[in-house]
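Reviewing the structure listed below.
Values quoted throughout were computed directly from the atomic coordinates according to the rules given, and no laboratory measurement underlies them. Note that the coordinates shown come from a computational prediction; the quantities given were computed from them, not determined experimentally. So basically every Cβ, Gly included, is an ideal-geometry build from the backbone, and we count neighbours across all protein chains shown.
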Amino acid sequence: MSLEFALRLVAMMVCALLGVLLGVDLADALSLPPEATGLTFSLTGALAGLIITPWLTTYPAQAARRIIIQMPPETLVTSMFGLIFGMAVAALFAWPLSLLPDPLGQYLPTVAAAFITYISMIVFSLRAQDVFALFGGMLRGSPHALRMMPGGGASLEILLDTSVIIDGRILDISQTGFIQGEMLVPRFVLNELQHVADSAEMLRRNRGKRGLEILGELQQRSRTPVRIIDDDIEGVSEVDDKLVLLAKQRGAPVMTNDFNLNRVADLQGVTVLNINELANSLKAIYLPGEVMDIHVVMEGREADQGVGYLEDGTMVVIEDGKRYMDRTIPVLVTRYIVTNAGRMYFAQPEGSLRK
């Protein structure tokens, strides 16, 4: 028996009893048959208790639970501080307000307490980052508190997404020492990797197996600790949504290569570490006038153009480079443009500019 069903039954019995009492009183006052009036009000009360109870009990509780789960940890903590502070201030005003003549002295302390407490919670929650910065000196002694503090230093936890594990570059990055703290793999991410590895489609199956192999090597070779956690988000089925909500709960960034997950996490205020963006930012920059060696591998879109690639995959379009197909030649950079995929260079064979 579910809690909601049990509450409905209890409310039905209570409302039915209240309906009987109300019906008998009305029957005496209006000179009506008490049996019929009591039965009518009893059935009406039972029906009302059956319908209204979830809206007064379980539905508000579920809504409050969802709000608390999605609320960032620092906001939740500062809201509790605001509640305590507001109650303390309200207690100071309660006795002076109670000395006022009735009805002010009777009701004003309660109204003032509710108002002051509510305002304190709102102010503390809206200025959560400032509150943590103000009391940062006391919190820095705890590593867990340091992780929760916005801007309080490097995060001690990083949540890994399925895409970044399958990609594999995280293994090399973890051995450089640039990642500080601990990398966490939620159990539902591991389950998704296993599901991909069990796929009937060969490409997906190979990607899943590669992800499991990378994760195994990551646990053995990474300079940063790697730990699988059992934290889960109830009531949410999508792995990406679970990862974002879990990141908000733990105050940790998400490492991913998924563009859509990156956008969703940004919109919800979650820090994202995107390896593709990191790779693009580390690509070598060649300025106009510099010379580099390029192997021409294909024709370009325009006439007589050739196309080659740097070691990091950056495209180089070579004017008058078609005749150098399958050859490595020195080219002089003339200009470059920045696109969503990174930089793209335009160049000309070095010898053609010297003539």
Original post:
Over the chain, what is the mean sequence separation of C-alpha contacts under 8 Å (at least six apart), divided by residue count, expressed as relative contact order in percent?
Top reply: 10 percent
**OP:** Compute the distribution of all C-alpha to C-alpha distances in the chain, in bins of 20 Å from 0, and list the percent of pairs in each, rounded to whole numbers.
**Re:** 19, 33, 28, 13, 5, 1
**OP:** Springs between alpha-carbon atoms under 10 Å, Gaussian network over the chain: tell me which of ALA113, ALA128, ALA29 tops the mean-square fluctuations.
**Re:** ALA29
Subject >> the stretch 291-354: translational diffusion in µm²/s, Stokes-Einstein, Kirkwood Rh over Cα pairs, 4 °C, 1.567 mPa s >> reply: 114 µm²/s
Original post:
Roughly what % antiparallel, to the nearest 5, for the DSSP beta bridges in the chain?
Top reply: 55 percent
Subject >> Restricting the stretch 222-286 to trypsin sites (Lys or Arg not before Pro) in coil, as DSSP defines it, with at most 16 other Cβ within 10 Å >> reply: ARG223, LYS283
Original post:
Under a plain spin-label model, where a point goes 7 Å from the Cα along Cα-to-Cβ, how far apart in nm are LEU9 and ALA94?
Top reply: 3.9 nm
Original post:
Out of SER222, SER79, SER199, any idea which swings most in a Gaussian network model of the chain, alpha carbons joined below 10 Å?
Top reply: SER199
**OP:** List the aspartates and glutamates whose Cα lies under 14 Å from the Cα of LYS209, skipping any in the same chain that are fewer than 8 positions away.
**Re:** ASP167, GLU192, ASP198, GLU201, GLU217
Original post:
Of the residues SER237, SER163, SER98, which exhibits the maximal mean-square fluctuation in a Gaussian network model of the chain defined by a 10 Å Cα contact cut-off?
Top reply: SER98
